[in-house]
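Let me begin by presenting the structure, written as structure tokens, before commenting on it.
The values are calculated or read from the model by the stated rules, or taken from the named source; none is laboratory data. The shown structure was predicted, so the numbers you read here are calculated from the model rather than taken from an experiment. Here the Cβ is made from the backbone with ideal geometry for all residues, glycine too, and neighbour counts use every protein chain on show.
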């Protein structure tokens with residue numbers, strides 16, 4: 001079955017691939033996050049195409065796009081806006097910040113001081129910002145994609161657990177293989193032709209697809225499986241901090257979007273398996289024992305998945321609903 005979500009991904013992949021090579025899997029997860037109302041953290045080394053991917057996607061989406069380059073001297077008012085005194089009218093005038101957009105790129109988020117990082121929390125959770133006590137709604141859809149460089153520590157501020165927990169997915173692009181890198185040089189070796197990317201959707205279509213994703217079915221077995229996976233991270237001796245109930249909700253929501261992208265109106269274990277690391281790994285804090293032994297959050301999640309029984313996969317919506325009669 002081909003759904004509107006799978007058609008959208010095909011169109012977007014066709015445009016983004018004009019500049020980005022070999023990242024279809026990451027793009028699929030990015031669209032799943034967008035259609036489920038989540039936000040994304042791109043955590044990777046410099047030069048792998050994080051910013052180029054985000055800008056390319058924004059052009060293909062046909063949404064309003066703004067970029068904030070985060071630096072240590074950036075203030076919260078530079079993000080959300082402020083009120084300034086107008087001497088001509090004798091009144092204060094509200095100046096909206098760049099956060100008021102459809103797609104916001106928070107480039108090198110971890111270079112800003114914690115106070116400025118926290119300015120995004122309300123926008124991420126509630127799709128609104130507060131300027132001098134006055135609440136302002138953000139346009140729909142609102143989609144935040146942040147980048148950070150995991151290897152530099154100078155002039156950076158580590159994102160707190162509370163902020164990391166607001167990101168539905170944490171993705172890494174990784175290096176291209178040799179043939180992909182040659183292909184990249186052929187496409188964009190001379191310049192970066194962003195003007196070649198055309199808008200293939202609109203905010204209205206994205207909102208409509210988000211509503212369709214809500215109708216994707218997650219049966220009791222799958223809901224129990226999702227909660228079993230996340231709750232198994234709590235109290236695990238290899239972890240100092242496990243996944244929150246918000247993580248269960250994000251895994252639940254994003255699994256529905258991924259199922260729609262794959263052309264199904266119900267969630268299967270494969271959807272959850274593809275998402276468990278991007279959704280959970282960045283929320284976990286390793287214990288001292290795990291760090292000393294060289295373990296990673298991905299290692300811990302692999303052990304958890306091996307221990308928890310996978311529910312039987314249903315092959316139709318009727319089986320998911322339990323309505324097939326003998």
- Quick one: which residue in 57, 41, 34 is crowded, with 23+ Cβ neighbours inside 10 Å and part of a strand (DSSP E or B)? 41
- Of the residues in the stretch 192-218, how many are outside any loop (DSSP other than H, G, I, E, B) and touching a strand residue (DSSP E or B) at 6+ places or on another chain (Cβ under 7 Å)? 1
- Query: Which ones in the stretch 120-157 are out of contact with any strand residue (DSSP E or B) (no Cβ under 8 Å at 6 or more places or on another chain), more than 21 Å from residue 31 (Cα to Cα) and not in a loop (DSSP other than H, G, I, E, B)?
  - Reply: 121
- Task: Report yes if some residue within the stretch 7-27 is touching a strand residue (DSSP E or B) at 6+ places or on another chain (Cβ under 8 Å) and either in contact (Cβ under 8 Å) with a residue 12 or more places away in the chain or over 30 Å from residue 267 (Cβ atoms) (or both); otherwise report no.
- Result: yes
- Which one of 21, 80 is modelled with pLDDT under 95, over 18 Å from the mean Cα position of the chain (by Cα), buried (at least 19 other Cβ atoms within 10 Å of the Cβ) and not assigned by TED's automatic domain parsing to the domain that holds residue 163? 21
- Message: Given the criteria touching a strand residue (DSSP E or B) at 6+ places or on another chain (Cβ under 7 Å), outside any loop (DSSP other than H, G, I, E, B), touching a residue at least 12 places away in the same chain (Cβ under 8 Å) and buried (at least 16 other Cβ atoms within 10 Å of the Cβ), does residue 51 qualify?
- Response: yes
- Message: Of the conditions (1) part of a helix (DSSP H, G or I); (2) not assigned by TED's automatic domain parsing to the domain that holds residue 78, residue 162 satisfies every one except a single condition; which number is it?
- Response: (2)
- Query: Looking at residue 196, is it touching a helix residue (DSSP H, G or I) at 6+ places or on another chain (Cβ under 9 Å) and surrounded by fewer than 19 Cβ atoms within 10 Å (Cβ to Cβ)?
  - Reply: yes
- Message: Being in contact (Cβ under 8 Å) with a residue 40 or more places away in the chain and under 15 Å from residue 76 (Cβ atoms) narrows it down to one residue among 111, 166, 158; which is it?
- Response: 111
- Could you tell me whether residue 31 is over 16 Å from the mean Cα position of the chain (by Cα) and either at pLDDT 95 or above or closer than 19 Å to residue 149 by Cβ (or both)? no
- Regarding residue 116, is this residue touching a residue at least 40 places away in the same chain (Cβ under 8 Å) and over 18 Å from the mean Cα position of the chain (by Cα)? yes
- Query: In the list 291, 240, which residue meets the criterion of being modelled with pLDDT under 95, assigned to a helix (DSSP H, G or I) and over 30 Å from residue 59 (Cβ atoms)?
  - Reply: 291
